[in-house]
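Take a look at the structure set out below.
None of the figures in this text is laboratory data; all of them are computed from the coordinates on show. Keep in mind it's a predicted model, so treat the numbers as computed, not measured.
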Amino acid sequence: MGYVHDTAMSQFIPPAAAGFSAGTWADALASNVWCKSRTAADASFTIGIPVLLPSNSAALKGACLQSIDVWYSIATAAADDFASVSLYADTLAASGTANSAAAVTATLDAAHDTAAERKATGEHKLTLTLATPVWVDHEAAYHIELVVDAAATTVFKLFGARANYTLRL
């Protein structure tokens, strides 16, 4: 059996894997591209995107998360606000103990580092880069939360995300 150390791995996360806190969301297909589309309404919502990567109980093995890309579009009208993009490390607790989540320090690309840029109409590829890449432990999981306040006619579509990582086996 050989040794793998690949620094250019990525894993696509389909929009169907995400969770949506409020609003009417539907699977949509246009020009052979799938997305989750939100019916326009003046309300806030949160999208939770799980970061689906292999984990390992041994140190420095499995996946070392580097960054995450998120593809979305905003049409008809800009959102009122796109308050935050946050990455969380979820602790998968033992039986009888509640799971918990802690914020992970990360930066956004220059085209999405302000709410004004994130909430604008158009097609978006937002990149969140970890300040310190992290090896995914077998007792941990990661997720992103996008907090958006839509205007009355804002149409929001999520096309998916991609986790970029190093794989070591």
Interchain or sequence-distant (5+) residues whose placed amide H lies within less than 5 Å of the amide H of residue 44 are 150
Under 10 Å, Cα contacts only: if you run a Gaussian network model on the chain, which one of 138, 112, 124 comes out with the highest mean-square fluctuation? 138
Could you check which residue among 141, 111, 30 shows the biggest mean-square fluctuation in a GNM of the chain with a 10 Å Cα cutoff? 30
Using only the alpha carbons of segment 5-168, determine the length spanned along each of the three principal axes and report them from longest to shortest in whole angstroms. 49, 38, 31
Most fluctuating of 97, 127, 153 in the GNM of the chain (C-alpha, under 10 Å) is 97
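Over all distinct Cα pairs, what is the inverse of the mean 1/r for segment 27-70, reported as the Kirkwood hydrodynamic radius in Å?
Evaluated over segment 27-70, this radius sits at 14.5 Å.
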Pairs of Cα atoms under 8 Å, at least six residues apart: use those to get the relative contact order of the chain, whole percent. 42
